[in-house]
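Everything on this sheet refers to the single structure shown next.
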Amino acid sequence: MKNINEYDKRQLKLMYESLISFEKSHIELNSLVGNLEFLLSAMESVEADWEEKFLREVTTLETINAIKIIKESGEEAPEINNNKSKKLINNSLTNLKNLIEKELMNEHQRQLWQNMIDLIESYLKNESQDFYGIVGKLEESLDASEIKDTILINQWYDFWTPLETLRVMEGNQVNRVKAIKKLIAMKEFLIEHR
């Protein structure tokens with residue numbers, strides 16, 4: 001979601017707080033599901049792709065909760081063992097937190113993300129020949145951003161590691177065509193996730 005308004009940011013923060021409350025056993029699963037669904041419906045602007053991913057995880061939680069309620073009532077319910085149930089819940093919680101964290105990137109983080117794009121642009125436009133320095137500054141910017149989204153960080157490193165390999169092997173004497181190809185891939189990733 002681009003340019004999230006303050007109202008929607010509040011809903012996202014409340015969603016995140018609900019997830020943390022559940023992890024700390026302050027609320028039950030059924031309350032968590034209700035909170036997440038209510039807060040999503042309260043949002044003013046949600047991209048369809050994000051909403052689909054969000055609802056997929058909430059549906060997993062809702063299904064596990066429904067099975068638990070049915071079993072507690074003494075009725076026959078689908079079998080799901082505790083370990084599998086816990087694993088599904090934990091996976092959904094992690095995915096939901098990552099979805100929300102990505103949307104809550106703060107202005108400082110957005111600026112550092114944009115700085116990475118600008119660094120790459122300077123090399124692509126031939127304004128800088130310091131490939132070695134640019135690759136190092138990319139990682140410095142990521143570190144300074146203190147982004148907590150582990151999935152996003154792992155994806156970032158998937159694009160950065162080939163650049164670092166080139167930097168270590170060839171330094172500023174790098175094959176420019178190879179460098180540009182890898183920098184363009186990194187830039188496209190950064191643009192997609194800003």
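At-a-glance table
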item: Test for Lys9: is it under 18 Å from the mean Cα position of the chain (by Cα), free of Cβ contacts under 8 Å to residues at least 60 places away in the same chain, closer than 15 Å to Glu103 by Cα and open to solvent by 40 Å² or more (accessible area, probe 1.4 Å); result: no
item: Members of the stretch 150-164 that are of a type in the set (A, V, I, L, M) and either open to solvent by 70 Å² or more (accessible area, probe 1.4 Å) or more than 17 Å from Ala179 (Cα to Cα) (or both); result: Ile151, Leu152, Ile153
item: Some residue of the stretch 44-51 being within 22 Å of Glu6 (Cα to Cα), among the charged types (D, E, K, R), without any contact (Cβ under 8 Å) to a residue 40 or more places away in the chain and in a helix (DSSP H, G or I); result: yes
item: Residues of the stretch 78-98 classified as under 24 Å from Leu142 (Cα atoms) and either modelled with pLDDT under 90 or in contact with a strand residue (DSSP E or B) (Cβ under 6 Å, 6 or more places away or on another chain) (or both), total; result: 1
item: Lone unmet requirement of (1) touching a Lys or Arg at 6+ places or on another chain (Cβ under 7 Å); (2) hydrophobic (A, V, I, L, M, F, W, C); (3) outside any helix (DSSP H, G or I) for Met105; result: (1)
item: In the stretch 12-31, residue least open to solvent (accessible area, probe 1.4 Å) [restricted to those that are more than 20 Å from Lys102 (Cβ to Cβ) and aliphatic (A, V, I, L, M)]; result: Leu29
item: Subset tally (residues that are among the basic types (Lys, Arg), farther than 19 Å from Ile27 by Cβ and surrounded by 13 or more Cβ atoms within 10 Å (Cβ to Cβ)) for the stretch 57-94; result: 1
item: Residue among Ser145, Ser141 that alone is of a type in the set (S, T, N, Q), in contact with a Leu (Cβ under 7 Å, 6 or more places away or on another chain) and either over 30 Å from Leu32 (Cβ atoms) or surrounded by fewer than 17 Cβ atoms within 10 Å (Cβ to Cβ) (or both); result: Ser141
item: The stretch 165-176 - residue that is surrounded by 14 or more Cβ atoms within 10 Å (Cβ to Cβ) and not basic (Lys, Arg) and, of those, nearest to Arg194 (Cα to Cα); result: Leu166
item: Any chance Asn35 is surrounded by fewer than 14 Cβ atoms within 10 Å (Cβ to Cβ), modelled with pLDDT of 95 or more and not in a loop (DSSP other than H, G, I, E, B); result: no
item: Number of the condition not met by Ser128 [criteria: (1) polar (S, T, N, Q); (2) exposed (fewer than 13 other Cβ atoms within 10 Å of the Cβ); (3) at pLDDT below 95]; result: (2)
item: Enumeration of residues in the stretch 159-194 that are touching a residue at least 24 places away in the same chain (Cβ under 8 Å), assigned to a helix (DSSP H, G or I) and within 28 Å of Glu103 (Cβ to Cβ); result: Phe159, Trp160, Leu163, Leu183, Ile184, Ala185, Met186, Lys187, Phe189, Leu190, Ile191
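The values are calculated or read from the model by the stated rules, or taken from the named source; none is laboratory data. Everything numeric in this text was worked out from a predicted model, so none of it was measured. Because the Cβ atoms are built from the backbone with ideal geometry, glycine has one as well, and the counts that use them run over all protein chains shown. The area values use the complete protein model at the heavy-atom level, side chains included, leaving out ligands, DNA and RNA. Shrake-Rupley method; radii C 1.70, N 1.55, O 1.52, S 1.80 Å.
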